[in-house]
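The values are calculated or read from the model by the stated rules, or taken from the named source; none is laboratory data. The structure presented is a predicted model; accordingly, all values stated were derived computationally and were not measured. Ideal geometry is used to build each Cβ from the backbone, glycine not excepted, and the neighbour counts take in all protein chains shown.
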């Protein structure tokens with residue numbers, strides 16, 4: 001859905017976007033860092049690698065519950081204060097992860113991280129939707145979501161390197177210190193974010209009232225389908241590449257570096273493209289590419305293309321699907337419903353993440369020689385979920401386009417009788 005160009009962003013808008021992006025970088029890094037380290041802490045804590053999905057699933061399940069709870073009250077507070085509290089909780093949980101002694105204690109730390117990380121993501125998206133007008137929102141979402149690429153380019157390789165220099169605990173402690181500094185800086189530099197509290201007071205929209213809106217249900221379905229698809233694969237990428245495709249231990253950090261650079265380049269183009277052509281075409285391209293990456297890179301017994309190429313393609317599809325989804329979702333709720341809706345969407349996505357990771361953990365098994373088996377079943381299931389996403393986005397985008405056209409017609413309608421009288 002194309003739109004006319006909006007005026008250039010002002011200084012306040014740019015400052016808020018980049019500060020939120022910094023906070024989101026810490027939040028994303030806390031999440032994406034854990035799975036690449038999985039092989040290290042699995043060996044140190046005597047955890048079967050086929051159970052790594054449970055660790056990711058514990059985070060996402062906690063984030064989902066926190067999202068459902070937070071959807072009832074997050075819109076009542078200044079977004080800056082709420083984001084600061086959420087990030088302080090996340091930093092504390094990250095440090096606790098470095099103190100884990102076994103699978104239960106590590107899962108407990110990840111549950112605590114999810115309980116704060118989920119609301120932090122919802123608040124970040126709500127802040128962007130509050131500050132940035134719809135015509136520029138795709139580009140803004142692209143900047144904020146580039147945190148995933150930067151985390152992969154810088155954070156994951158450095159985390160893996162820190163683990164080699166020290167232990168698997170070192171990245172957790174280092175990120176906690178960095179996160180504390182970023183949170184303090186953002187809390188001081190962000191302006192008060194109370195625009196959604198100004199004007200007439202709105203009663204909180206009941207959750208069931210939101211869910212009775214057809215476009216919201218379809219958007220939540222699209223978010224769930226995309227996330228379920230991704231997290232059937234992500235927890236096992238490193239173990240699969242090393243155990244099945246025999247990628248050297250030392251090459252893993254370079255894989256994430258190259259993949260992250262490619263993803264960062266793509267995400268900077270994705271946002272403006274969404275603003276010009278709409279969400280559905282971009283999401284459809286991302287779905288086509290991720291399907292190809294899975295079929296070529298994860299299905300054959302030996303890779304048909306260079307691993308670096310396939311891995312980079314797989315990582316690029318995250319922004320090609322995530323940015324259009326976030327940009328379109330931000331246009332659905334009213335301002336006083338944004339944090340509520342974003343929390344609800346976050347809850348749905350984290351539930352889907354948890355379900356995808358846990359489902360895959362029940363399918364994938366470790367053979368005697370270390371190979372992961374039944375990966376083909378997971379690949380086909382992941383593709384099936386991925387294909388649902390662009391179809392649902394297309395239906396939502398048609399409804400948004402029709403709503404905007406009706407609103408424009410309603411604005412012009414009062415002038416018509418007068419025009420007829422003149423004639």
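Observations on the structure shown:
- Residue that is nearest to the chain's Cα centre (by Cα) [pool: residues in the range 199-255 that are at pLDDT below 80 and within 21 Å of residue 58 (Cβ to Cβ)]: 235
- Restricting the range 2-27 to residues that are in a helix (DSSP H, G or I) and farther than 16 Å from residue 187 by Cβ, the residue that is modelled with the lowest pLDDT is 11.
- Tabulated pairs, the range 396-423, first under 25 Å from residue 214 (Cα atoms), second at pLDDT below 75 and surrounded by 10 or more Cβ atoms within 10 Å (Cβ to Cβ), C-beta under 8 angstrom, 6+ apart or interchain: 397/1; 400/1; 401/1
- The helices (runs of 4 or more DSSP H) found wholly in the range 78-183 and carrying at least 3 residues that are at pLDDT 85 or above and out of contact with any helix residue (DSSP H, G or I) (no Cβ under 6 Å at 6 or more places or on another chain) occupy 79-97, 103-131.
- Whenever a residue of the range 155-170 is free of Cβ contacts under 8 Å to residues at least 60 places away in the same chain, its partners that are assigned to a helix (DSSP H, G or I), lying with C-beta atoms within less than 7 angstrom and at least six residues away or across chains, give the pairs 162/170; 162/171; 162/174.
- Residue match in the range 292-312 (condition: buried (at least 18 other Cβ atoms within 10 Å of the Cβ), more than 27 Å from residue 40 (Cβ to Cβ) and modelled with pLDDT under 90): no
- Residue match in the range 276-296 (condition: out of contact with any helix residue (DSSP H, G or I) (no Cβ under 9 Å at 6 or more places or on another chain) and over 16 Å from residue 390 (Cβ atoms)): no
A quick yes/no check of all residues on (1) buried (at least 18 other Cβ atoms within 10 Å of the Cβ); (2) within 18 Å of residue 21 (Cα to Cα):
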{"position": "118", "(1), (2)": "yes, yes"}
{"position": "126", "(1), (2)": "yes, yes"}
{"position": "135", "(1), (2)": "no, no"}
{"position": "179", "(1), (2)": "yes, yes"}
{"position": "183", "(1), (2)": "yes, yes"}
{"position": "187", "(1), (2)": "no, yes"}
{"position": "194", "(1), (2)": "no, no"}
